Every structure is written in structure tokens, then in C-alpha cells.
Amino acid sequence: MPTALIRDVSASLARCELTHLEREPIDVARARLQHEAYERTLIGLGCRIVRLPAADELPDAVFVEDTALALDEAAVLTRPGAPSRRPECDSVAAALEPFLPVVRMRGPGTLDGGDVLRVDRTLYVGLSTRTDRAGIAELESLLAPYGYAVRAVPLIGCLHLKTAVTQVAPRALLINRNWVDPATFDRYDLIDVDPAEPMAANALLVGDRLVYPAAFPRTADRLRSHGVAVVTVDLSEVAKAEGGVTCCSILLNGA
Ligand code: CIR
């Protein structure tokens, strides 16, 4: 049974970092209800939940994915690219320590967990406004004992690698080709997002089910036609903070 680490929505979510979106009002009460429904969805898919209390002074703390990578042998605490997000890491480290040895990035490089797409033993790492080459090099050196292949992937036009591409089945990735070169992923079956839904490539695979935003029905139909079992969630308020379904949890599959 996977364990999912999540964190309650901060009262200050409306003051979140924004890179590609215009700021618009966020209904925090509604965001909390949607986040609770996301938690129930994960429970329904068999996840055991570890839930951190809200860190109200840290607007983006609900987006736990960016603060740590949970691999089979160890967890890596990242050094997020946005300085406002670095204080999120200590409490995530404390929550992960019962499950995995925790190693920490020290910098000066930066890396957000949202830029790391793991497929089997390969980690594709987006070169983004949050993750730089020094951060990727530090990740590679921290993981040297464990034998993961680390590949840097240039990005254009979106926040994180997993805004542009995520895994939706054992050999299939969902992709927006405008933001990442599909040639990087030519060993997989690629499913394109619907052109009317550019933000639709972020999906969360839990076992053989796909947690997927209700906001992208056209791409959801494409996924279903490829045999993917889609479970929809409404994260409209989180989306205004530039978040998606992967960024609200850290899955510890081996735990
Ligand atoms: C940020 O800009 O850091 C947050 N407002 C959104 C982070 C989303 N994280 C993710 O997709 N992994």
C-alpha cells in the first residue's frame, strides 16, 4: 500500500509564487474542501495518508512535491528554486524520516521536486526557472550510491517538467510537446494533451489508476481511449496557484 505525504492548505495560499499565471482571487475555504476530496481520493485508491498541518506562514506549503523526492532507497530533500519555499523543507524531512533515510541538497544549486519525473530507474529532471544544472549535478552525486540514471531535460514555457509530461501507464507518458522535446521520451508511448487543454499533462499515477483534474475532459477522454483508468478530482483553486495533482503529495511507494 503506498503512503502519501500531504499538507493542509495554508491560510496564505493566495500569496503563492506565480510564474506563468496572472494572479486571481483564490478561495482558500474552497481550496481546503478540494484538497480534502483529493485526500479522500488517495485513500480510496489504497493510500495510507501522512498529513502535515498547514504552515500558514508559507503560502505554497501545500505543494509538498517540490520539497523532496522519495525514491526506493532514500528521500532527497531538495533546495527549492524559490527562496520563499525553502523553509518548507525541514518539516517534510521530519515527516519522511520514519520511512526512509533522508539526504539533503546543500546548494548552491536548486531543484524543485516538480521537475523530477521518475520512470523506472531513470530520473528525468527539467531545467527550469526553479531547477538549474548545479542542482541536477548535486542530485546526481547524492544518488550515485543507488544507481539511478539522471537526465537533464530542457523546458520552455511552463513551470516544471511535470507540467509538461507525466507517466500515465507503465510504458505511456502524457505530454504537451510545446513545452518539452518529445524525442527525449521516444522509448515510451506518448499521449498528447488535447490542444485546447495545454495545462493537462500533469497526472498522478497511483498503482494502475490515474488521479486527474476534472478541468481537462478532452484529454481525459483521450486517456480513457488508451485504456487508462481515470479518477477525476476538482483542484480548481490549487490550479490558480499554479499547482496540479502531482504537487499536492509525495508518494512513498516502497514504504
Ligand atoms: C510555486 O510556484 O512554487 C507554486 N505556486 C506552485 C508549485 C507547483 N508545484 C508543482 O507543480 N510541483
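Remarks
To keep it simple, each residue is scored yes or no on (1) within 11 Å of the ligand (Cβ to nearest atom); (2) farther than 21 Å from N253 by Cα.
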site: A4; (1), (2): no, no
site: S12; (1), (2): no, yes
site: L18; (1), (2): yes, yes
site: L21; (1), (2): yes, yes
site: A29; (1), (2): no, yes
site: L42; (1), (2): no, no
site: E57; (1), (2): no, yes
site: E65; (1), (2): yes, no
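- Residue count for the range 108-149, restricted to those that are farther than 15 Å from D66 by Cβ, touching a residue at least 12 places away in the same chain (Cβ under 8 Å) and assigned to a loop (DSSP other than H, G, I, E, B): 4
- In summary, no strands (runs of 3 or more DSSP E) completely within the range 14-101 bear 1 or more residues that are surrounded by 14 or more Cβ atoms within 10 Å (Cβ to Cβ), under 18 Å from the mean Cα position of the chain (by Cα) and among the hydroxyl-bearing types (S, T, Y).
- Check on R187, in a helix (DSSP H, G or I) and of a type in the set (K, R): no
Results for (1) open to solvent by 20 Å² or more (accessible area, probe 1.4 Å); (2) free of Cβ contacts under 8 Å to residues at least 40 places away in the same chain, shown as yes or no for each residue.
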site: G207; (1), (2): yes, no
site: A215; (1), (2): yes, yes
site: R218; (1), (2): yes, yes
site: V228; (1), (2): no, no
site: D234; (1), (2): yes, no
site: V238; (1), (2): no, no
site: E242; (1), (2): yes, no
site: T246; (1), (2): no, no
site: I250; (1), (2): no, no
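- Listed by first and then second residue, the pairs linking a residue in the range 18-31 that is under 22 Å from T163 (Cα atoms) to a residue that is open to solvent by less than 90 Å² (accessible area, probe 1.4 Å) and away from the ligand (no atom under 13 Å from the Cβ), with Cβ atoms under 9 Å apart and 6 or more places separating them unless they lie on different chains, are H20/G157; A31/S236.
- Any hit, the range 158-167, residues being without any contact (Cβ under 8 Å) to a residue 40 or more places away in the chain, over 21 Å from D72 (Cβ atoms) and open to solvent by 20 Å² or more (accessible area, probe 1.4 Å): no
- Count of the range 206-252 residues which are within 16 Å of the ligand (Cβ to nearest atom) and assigned to a helix (DSSP H, G or I): 5
- Residue ID - farthest from the chain's Cα centre (by Cα), chosen from residues in the range 190-205 that are crowded, with 20+ Cβ neighbours inside 10 Å and in a loop (DSSP other than H, G, I, E, B): V193
- Residue check for T131: within 15 Å of the ligand (Cβ to nearest atom) and either open to solvent by less than 50 Å² (accessible area, probe 1.4 Å) or on the phi < 0 side of the Ramachandran plot (or both): yes
- The residue list P87, P83 contains one member that is within 14 Å of the ligand (Cβ to nearest atom) and free of Cβ contacts under 8 Å to residues at least 12 places away in the same chain, which is P83.
The values are calculated or read from the model by the stated rules, or taken from the named source; none is laboratory data. A quick note: this is a predicted structure, and the numbers were derived from the prediction, not measured. Note that each Cβ is placed from the backbone with ideal geometry, even for glycine, and that neighbours are counted across all protein chains shown. Keep in mind that these areas ignore ligands, DNA and RNA; they rest on the heavy atoms of the full protein, side chains included. Shrake-Rupley method; radii C 1.70, N 1.55, O 1.52, S 1.80 Å.
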